[in-house]
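Below is one structure, written out as structure tokens; the observations come after it.
The values are calculated or read from the model by the stated rules, or taken from the named source; none is laboratory data. Note that the structure is a prediction, hence the values are computed from the model and not measured. Neighbour counts are summed over all protein chains in view; Cβ atoms, including those assigned to glycine, are modelled from backbone coordinates with ideal geometry. SASA here: full protein model, heavy atoms, side chains in, ligands and nucleic acids out. Shrake-Rupley method; radii C 1.70, N 1.55, O 1.52, S 1.80 Å.
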Amino acid sequence: GSDSYVSRLMDSIEFWVIPIMNPDGMYKGGNNSISGSTRSNGNSKDLNRNFPNVNGGSGTNQPEIVAMKDFFGRHHFTLSTNLHAGNECFNYPWDTWERTTADNEWWRLVGAAYRDTAQYYGSSGYFDDGCSNSANGLTNGYAWYSISGGQQDWANYFMHCREVTIEVCGTKEPTSTTTIANIWWYNKNSMLNFYAE
């Protein structure tokens with residue numbers, strides 16, 4: 001109720017938040033620190049390479065993948081954001097195919113708006129050169145590097161949900177409260193604008 005723009009969004013859009021898909025990997029070093037976190041779950045599987053592949057293949061039956069597939073199946077999401085750390089960019093589909101999506105121009109438009117707003121609110125150099133030397137904070141996943149079995153392509157292809165992967169921090173394990181707060185403030189308005197699209 002203190003921010004009319006946020007209130008309008010919350011009153012008109014159904015939001016779901018999954019704070020973390022891979023707690024085993026995130027807290028591999030212990031329950032009180034993300035130091036030593038890993039992409040793999042407790043079964044040594046990289047969960048973002050184990051979704052059903054758009055080129056064929058059913059993915060894995062890892063409990064986290066099954067839960068995500070069930071969750072998406074129970075809801076009919078139209079827009080989804082997958083937040084990562086380790087770089088700074090708006091990474092849109094496809095990750096698997098070199099060809100572009102039917103929504104490519106839309107992705108580039110909203111991706112550029114996201115990047116421009118993050119750069120405006122971010123510190124000097126934020127989102128300027130992420131995901132490749134020439135991307136300037138916006139990249140097609142395949143152009144950055146090709147993967148198979150990713151959640152982004154699975155959600156777009158199989159679930160008909162526009163999902164994007166946003167890399168919000170060049171540091172893989174941001175630990176300080178200040179750093180995490182800064183990441184939020186750099187991206188807050190970009191995220192609000194993205195969901196208002």
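Please go through the range 144-161 and give me each residue that is out of contact with any helix residue (DSSP H, G or I) (no Cβ under 8 Å at 6 or more places or on another chain) and open to solvent by 50 Å² or more (accessible area, probe 1.4 Å), ordered by number. TRP144, TYR145, SER146, TYR157, PHE158, HIS160, listed by residue number. For the range 162-197, give me each residue that is open to solvent by less than 70 Å² (accessible area, probe 1.4 Å), of a type outside the set (Val, Ile, Thr), closer than 19 Å to ILE20 by Cα and more than 13 Å from the chain's Cα centre (by Cα). Passing the criteria: GLY170, GLU173, PRO174, SER176, ALA181, LYS188. Among the residues of the range 134-148, those that are within 13 Å of TRP97 (Cβ to Cβ) and among the small types (Gly, Ala, Ser) comprise GLY141, ALA143, SER146, SER148.
Of the residues TYR121, TYR126, the single one that is closer than 22 Å to ILE183 by Cα and open to solvent by less than 50 Å² (accessible area, probe 1.4 Å) is TYR126.
Listed here are the residues, each with its yes/no results for (1) over 27 Å from THR171 (Cβ atoms); (2) hydroxyl-bearing (Ser, Thr, Tyr); (3) at pLDDT 95 or above; (4) in contact with a Leu (Cβ under 8 Å, 6 or more places away or on another chain).
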{"residue": "GLY1", "(1), (2), (3), (4)": "yes, no, no, no"}
{"residue": "VAL6", "(1), (2), (3), (4)": "yes, no, no, yes"}
{"residue": "MET21", "(1), (2), (3), (4)": "no, no, no, yes"}
{"residue": "GLY25", "(1), (2), (3), (4)": "no, no, no, yes"}
{"residue": "ASN48", "(1), (2), (3), (4)": "no, no, no, no"}
{"residue": "PHE72", "(1), (2), (3), (4)": "yes, no, yes, no"}
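Condition check ((1) among the basic types (Lys, Arg); (2) without any contact (Cβ under 8 Å) to a residue 24 or more places away in the chain) across all residues:
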residue	(1), (2)
VAL66	no, yes
ARG74	yes, yes
THR78	no, no
ASN82	no, no
ASN87	no, no
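For the range 98-118, filtered to residues that are surrounded by fewer than 21 Cβ atoms within 10 Å (Cβ to Cβ) and among the hydroxyl-bearing types (Ser, Thr, Tyr), the residue that is nearest to CYS169 (Cα to Cα) is THR117. Applying the set (1) surrounded by fewer than 16 Cβ atoms within 10 Å (Cβ to Cβ); (2) among the polar types (S, T, N, Q); (3) touching a residue at least 24 places away in the same chain (Cβ under 8 Å) to THR38 leaves exactly one unmet item: (3).
Comparison of GLY29, GLY25 shows that the only residue that is assigned to a loop (DSSP other than H, G, I, E, B) and of a type outside the set (Phe, Trp, Tyr) is GLY29.
Please enumerate the residues belonging to the range 9-32 that are of a type in the set (S, T, N, Q), open to solvent by 50 Å² or more (accessible area, probe 1.4 Å) and either within 25 Å of HIS76 (Cβ to Cβ) or touching a residue at least 60 places away in the same chain (Cβ under 8 Å) (or both).
Across the range 9-32, the qualifying residue is only SER12.
For the structure I just gave you, tell me whether ASN43 is surrounded by fewer than 17 Cβ atoms within 10 Å (Cβ to Cβ), at pLDDT 90 or above and either within 26 Å of GLU173 (Cα to Cα) or in contact with an Asp or Glu (Cβ under 7 Å, 6 or more places away or on another chain) (or both). When the stated conditions are applied, ASN43 passes them. Test each condition in (1) in a strand (DSSP E or B); (2) over 25 Å from ARG115 (Cα atoms) for HIS76 and report the one that comes out false. Answer for HIS76: the failing condition is (1).
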